[in-house]
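Asker: Got a structure for you, questions after.
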Amino acid sequence: MQVKLGKATLISAAALVAGIILLFAVGASLKALLKGYGQSRALKVELASVQSSFANIKTLKSRLDGKRDRVKAFELGLIEEEEINLLLEELSSMASSSRVKIQAIRPQKPSLKAGAFYMEFPILIEAKCGYHSLGIFVNKLENARYFLNVKDVKINYDSNDPANHDSSLVVYGYTKPKER
């Protein structure tokens, strides 16, 4: 038995077959396209992460350079052992320009604290001066080119000379430890 199909039926069947073939072809292409899109998004995320890391590297390098500069500045503020006599002369000059009359300058024994990379070098200064002059002197010490720290300030009233008092203070300088 032979079935006669009309033109319209044949065209419909051909269109259906073509549609199914097209669906498989487009479906495979669409699947590949979606897979590529997913990979593209993953690559964009990875690229953003790499760019962020690169920016962090620049920031960290900049911070490292800043820290190096601070260390260099700190090292410049440390007193070299051969500069101690110059420091004592500078202390004397600062005192004189502040109208502080030094009675005695007594360098003390340097000490290295555990874990420190510098040694404290205390200098006991005994002087005769007024309050304001002593304040000017301390200000000059705090703004000196070396790192200096003033501690143990004592002022004793002198009834024989009310404008000038017996004063003492300990100035701490910081030196590099001796190489072993």
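The values are calculated or read from the model by the stated rules, or taken from the named source; none is laboratory data. Predicted model, so just to flag it, every value in this text is computed and none were measured. Virtual Cβ from ideal backbone geometry, glycine too; neighbours counted across all protein chains shown.
Asker: Name the residue that is farthest from Ala144 (Cα to Cα), counting only residues in the range 83-114 that are in a loop (DSSP other than H, G, I, E, B), without any contact (Cβ under 8 Å) to a residue 24 or more places away in the chain and of a type in the set (Lys, Arg).
Answerer: Across the range 83-114, the extreme among qualifying residues is Lys113.
Asker: Limited to the range 115-141, what total is found for residues that are in a loop (DSSP other than H, G, I, E, B) and among the hydrophobic types (A, V, I, L, M, F, W, C)?
Answerer: 2
Asker: Let me ask something else. Please verify whether the range 117-138 includes one or more residues that are aliphatic (A, V, I, L, M) and modelled with pLDDT under 85.
Answerer: Within the range 117-138, one or more residues are aliphatic (A, V, I, L, M) and modelled with pLDDT under 85.
Asker: Let me ask you something else. Going by the conditions given, is Lys101 surrounded by fewer than 17 Cβ atoms within 10 Å (Cβ to Cβ) and under 31 Å from the mean Cα position of the chain (by Cα)?
Answerer: For Lys101, the condition - surrounded by fewer than 17 Cβ atoms within 10 Å (Cβ to Cβ) and under 31 Å from the mean Cα position of the chain (by Cα) - is not met.
Asker: Same structure, new question: Based on this model, can you work out whether Ala13 counts as assigned to a helix (DSSP H, G or I), at pLDDT 75 or above and surrounded by fewer than 10 Cβ atoms within 10 Å (Cβ to Cβ)?
Answerer: Considered against the rule, which asks whether it is assigned to a helix (DSSP H, G or I), at pLDDT 75 or above and surrounded by fewer than 10 Cβ atoms within 10 Å (Cβ to Cβ), Ala13 comes out as no.
Asker: Conditions: (1) more than 21 Å from Lys154 (Cα to Cα); (2) of a type in the set (Val, Ile, Thr); (3) at pLDDT 85 or above. Ile84 meets all but one. Number of the miss?
Answerer: It fails just one condition, (3).
Asker: Follow-up question, since we're still on this one. Only one of these conditions is not met by Asp152: (1) modelled with pLDDT of 90 or more; (2) at negative phi. Which number is it?
Answerer: In the conditions (1) modelled with pLDDT of 90 or more; (2) at negative phi, Asp152 misses (2) alone.
Asker: Go over the candidates Leu43, Leu34 one by one and state the one that is part of a helix (DSSP H, G or I) and either under 24 Å from the mean Cα position of the chain (by Cα) or modelled with pLDDT of 75 or more (or both).
Answerer: After ruling out the rest, the residue left standing is Leu43.
Asker: Now for a different question. Does Asp158 satisfy being surrounded by 12 or more Cβ atoms within 10 Å (Cβ to Cβ), in a loop (DSSP other than H, G, I, E, B) and not β-branched (Val, Ile, Thr)?
Answerer: Judged against the criteria, Asp158 is a match.
Asker: Then there's this: Are any of the residues in the range 49-60 modelled with pLDDT of 75 or more and closer than 30 Å to Arg145 by Cα?
Answerer: Yes: one or more hits.
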